[in-house]
Structures are given as structure tokens and as C-alpha cells.
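**Q** My structure is below; once you've seen it, I'll send some questions.
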Amino acid sequence: MEIVLNKLLSQINLQEEKLSFLGMVKADEAYQMTLFLNDMLLNIKAKVLDGGFENEQQEIDFFKKIKPQILGKLIFYNKIFRFETDCPVSTGEIHQSYFESLLKGLKSEYKESIRHEGFYRYYRAGRTDRDNIYFRLGQINYHDGLKSGVFEIDLSFSTYYDNKVARIVANELLYSYILAKINPETDQDMASINGGFNKETSWTNSQNALIELIYALYASNSIAYGKIGIKKLALIFQVLFQIPLNDIHHAFHRMKTRAGSRTAFLDQLKISLEEYMDKNL
């Protein structure tokens, strides 16, 4: 059995192209995405239960990279639907305070339930040495004092830790979404950007390449003298190029530890520009 992440993400991206952008996603759109992603996950589950995995690495890749991306977005859109339908008003101070309370709750969840976990540090560091324990079926060690949520998952289709990665993915997306809702300036900027570009303005390189560029601009204080945060900067590029970037922090940590050049895209940019200059001499 082979499930390719890029192919699945392409299907999700095509579905997301029909939606409003980020902070402007509507309740009915979030509901439709929830149904779409849930059906996708159920179909994949049927394939996994029927065919299993060809080898250990395929199993690890699935539970570390593939399933959490889909489940993370499913959690994200389901929460957007709940947020939008629970919101008492569409504008004004009550609307503002409602989303500010959601942001406070998200930060509290991170501080109390995520940040202090050893697994969170393991995942953020881009480590792989315990992948065979965290991302293979039947490896749960109950002596670790796991949270009782472990008893609520289907252990034939979960390693428990894939659910934790999905929560990290969902929280990253929710943070950007809520930030756009409570920051009127950001909302206006995003609407202006969205209105000025069409589907032909798309990023045609890899997500990692764009994340590398964003971090380079951020580190060099090239935008707003460095006063704009990395999350807001990433949000702008996501809307500008109509591409979801998911967990940019984890991607950045992988860049720091990857073999070869850690700035592969920037290196290629330099080469491409110099070649273009030579052509115009």
C-alpha cells in the first residue's frame, strides 16, 4: 500500500481553492471541508486496514507525516465551523472579545498540555531516533502515564502520537486564523491582497522553498524593519500565493538539521539570478 502525501495535499488544496481565504472562511465552507476531509480519512483508513504497510518506514511515514496533516486540517475546519456558528455577532467589540478569548484559550492549551511534553520537544526538534516507537502501531507504553485520550482512539489506525502531531498542525492553523480575526489591520491587508491577485498568482516551487524564503526575509529584517512576526509574515505569503504552509516551525527545524546545504533554495536563487544576469550582458 502506498499513500503519497503530495497527492493527498493536492486534492485538499484544490478543495480549499473554492473557499474564502484564512480569516474569512465562512461557517458553511468550514462544514463542507470537514465533510470532505472526514471522507478522505475514512477512505484512507479502509486502505490501511485492508492492505497494511509494506515495511516499517512506510508505516512511520504514514503516521508521522500523512495522517496528521489530514487529521490536523479536519480538526482545524471543524473548530472553525464551531467558532463561526457560536460567535454571537459578526462585527464589533463583542466579536473582537470573542476571538480574543479563543486565542487566550489556545495559548493556555499550548502552555498546559503541549509545551511541557517531551514528545512536543522531540517533534519540534525534527528528531527521528524514536520514530519506531512513536509512529508504529502497537508500541504504546502505558507506563509512560499517557493521558486517558489514548483509550478513545482506534488503535488499529492510530499510534496515539500521530494524534498529537495532528493537534500541533491544527493549532498552528488555528493560531493564524484567530489572529486574522482579531486583528482588523491584518484582515484588511489580507482582503486587499486577495482582491488584487487571481489564481494565476500561485507559488510553483515547494512549500519548503517558500518557508525558507520567509524565514530569510524575517531573519534579515527585510520587511517592516523586522517588526512583523513570523506567523503574520507567513500568513501574508499564504494568502498572496494561495498556498497553506501548515507547520512552518517544524519545517524550519528540519531545514536546520538537513544534510547538505541548509539554504538550498536561497543558493539556487543566487545561481538563477547570476545566470539571468549573464544572459543580459
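Coordinate-derived values only; no laboratory data. Treat the numbers as computed from the prediction; the structure is a model and nothing was measured. Backbone-built Cβ (ideal geometry, glycine too); neighbour counts: all protein chains shown.
**Q** Please state the shape class of the range 51-120: rounded when a/c is under 1.5, otherwise prolate if a/b exceeds b/c and oblate if not, all from the C-alpha gyration tensor.
**A** Numbers: a/c = 5.75, a/b = 2.03, b/c = 2.83.
It comes out oblate by the Cα gyration axes.
**Q** Something else about it: Beyond 19 Å, how much of the Cα-Cα pair distribution for the range 197-281 remains, as a whole percent? Could you put the intermediate results ahead of the total?
**A** On the way: 1657 of 3570 pairs.
Considering the range 197-281, 46 percent of its Cα-Cα pairs are separated by more than 19 Å.
**Q** Hey, another quick one. Less than 13 Å Cβ to Cβ from Thr85, Lys/Arg counted +1 and Asp/Glu -1: what total charge do the surrounding residues give? Please list the in-between numbers first.
**A** Numbers: positive: Lys26, Lys79, Arg82; negative: Asp28, Glu29, Glu84, Asp86.
Spelling it out: positives minus negatives among the neighbours equals -1.
**Q** Another question, then. Testing the spin-label approximation: label points 7 Å from Cα along Cα→Cβ at Phe241 and Asn221. State their distance in nm.
**A** The two pseudo-label positions are separated by 2.5 nm.
**Q** With all pairs of different alpha carbon atoms counted, what Kirkwood hydrodynamic radius in Å does the range 95-169 show? It would help to have the intermediate numbers written out before the result.
**A** On the way: mean 1/r = 0.0716 Å⁻¹.
One decimal place: 14.0 Å for the Kirkwood radius.
**Q** Quick check on my link table: of Lys147/Lys181; Lys47/Lys107; Lys231/Lys270; Lys111/Lys227; Lys26/Lys147; Lys232/Lys279, which ones sit more than 30 Å apart, alpha carbon to alpha carbon?
**A** Beyond 30 Å between Cα atoms: Lys147/Lys181; Lys47/Lys107; Lys26/Lys147; Lys232/Lys279.
**Q** So if each residue of separation counts as 0.36 nm, and I subtract the Cα-Cα distance between Arg130 and Gln11, what length gain in nm does that give? The partial results should precede the final answer.
**A** Numbers: separation 119, 0.36 × 119 = 42.84 nm, distance 3.06 nm.
Between Arg130 and Gln11, full extension yields an extra 39.8 nm.
**Q** Using only Cα positions of the range 5-192, each an equal point scatterer, no hydration layer, compute I(q)/I(0) via Debye at q = 0.16, 0.17, 0.19 Å⁻¹ and quote the log10 values to two decimals.
**A** Taking Cα atoms of the range 5-192 as identical point scatterers yields -1.09, -1.19, -1.37.
**Q** If I stretch the segment between Gln32 and Asn141 completely, what's the gain in nm (0.36 nm per residue apart, minus their alpha carbon distance), one decimal?
**A** Numbers: separation 109, 0.36 × 109 = 39.24 nm, distance 3.70 nm.
Contour length minus the Cα-Cα distance gives 35.5 nm.
**Q** Per the Cauchy relation, a quarter of the hull surface: what is the mean projected area of the convex hull of the alpha carbons in the range 21-70, in nm²?
**A** Working: hull surface 16.4 nm².
Projected area, direction-averaged: 4.1 nm².
**Q** When you take every Cα atom in the range 8-101, what is the radius of gyration, and what is Dmax, the widest Cα pair distance, in Å?
**A** Cα only, the range 8-101: 16.6, 55 Å (Rg, Dmax).
**Q** Moving to a separate point now. Show which lysines lie in cross-link reach of Lys45 when reach means a straight Cα distance below 20 angstrom and same-chain residues fewer than eight apart are skipped.
**A** Leaving aside lysines fewer than 8 places away in the same chain, those within reach of Lys45 are Lys7, Lys64, Lys65, Lys67, Lys73, Lys164.
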